[in-house]
Each structure stands twice: as C-alpha cells, then as structure tokens.
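For reference, the structure discussed in these notes is given below.
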Amino acid sequence: MIRKAMIAAAVLGASFATAAPAFAADVTGLWATPGNGGQVEIARCGNSLCGKLVTSDHIKTNPGLKDIKNKDESQRSRTLKNLQMLYDFSGGPTKWSGGKVYNPEDGGVYAGTIELVSNTELKLKGCIVAPLCKTQKWTRIR
C-alpha cells in the first residue's frame, strides 16, 4: 500500500515537472544584445514590460550620442543612453506580445514579442508586418 502511494506520488510529481517551466519566469533585469555591446534593462512599467538602452559600444565611446536615425525629426536630439526602446508588452509569465520595439540603428518602430526561453536567454522578435520579422537572442547579464 505504501509502495503504491509512493509510486503514485512520483508519477504525479513527474507530470507537474513537465507541465511547468523549469525556471522562474522573471524577464526583468539587464540583458546583452547580440551586437555592438548593447545592454537593455527590462522592467515592469505598470501592467506592461518596457526596456531602455543602458549602454553600447557606441555609447561608451560617446555618452552624448544622439538618436540621429529616428524617423521623427523632432526626436533626433535625444540621447541614446537610457532611451526607452521596448514598450507596451503584455502577457507573461514567459511570453509577452503587443509591444513595440524601437531600433536606434535604423530609427524604425516594430511590432514585437518577447519570449523568455530560460533564466539566461530570451528571444526578442520585431516585425514590420508578418512574415517580415527579425529575431534576436539576448543573454541575461543580471
């Protein structure tokens, strides 16, 4: 009888283990982008997620670097350091959608999704219009 209860508990535990992610679903923190030494701080902004560009190789060279490629000419005088580039993402605990991604390299704003793959990796996807999308893998710094 005790043996049957132990086996049932083990089977039940195994089914819960496969049903839930094996990591804590917290996307907030500092993330490294795949190019130019970029670092983005993702935080909660009310009921949504947002992210700001903390630094990059270009910002380290010139901390006053401006957003000169912005398609909105009135925004070109703002600095890239601490520039909000992710906003209005909703959902969770491991996937967020409905947000916007600003790319300072081309000045474009794209529809985006964020998926937390593990505690140390996320996928950020930005689309002009599906299927014209680009996906990046970001790595957690802290």
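The values are calculated or read from the model by the stated rules, or taken from the named source; none is laboratory data. Computed from a prediction, not measured in an experiment: that's the story for all the values here. Every residue, glycine among them, receives a Cβ derived from its backbone with ideal geometry; neighbour counts consider all protein chains shown. These area figures cover heavy atoms from the full protein model, side chains too; ligands, DNA and RNA do not enter into them. Shrake-Rupley method; radii C 1.70, N 1.55, O 1.52, S 1.80 Å.
Tabulated data
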quantity	calculated
Extreme residue, nearest to T139 (Cα to Cα), among residues of the range 32-67 that are surrounded by fewer than 17 Cβ atoms within 10 Å (Cβ to Cβ) and touching a Cys at 6+ places or on another chain (Cβ under 9 Å)	A43
Any strands (runs of 3 or more DSSP E) falling wholly within the range 78-132 and containing at least 1 residues that are over 21 Å from T55 (Cα atoms), among the β-branched types (V, I, T) and open to solvent by less than 60 Å² (accessible area, probe 1.4 Å)	108-118
Per-region count, the range 85-135, residues closer than 20 Å to N70 by Cβ and either touching a residue at least 60 places away in the same chain (Cβ under 8 Å) or not aromatic (F, W, Y) (or both)	20
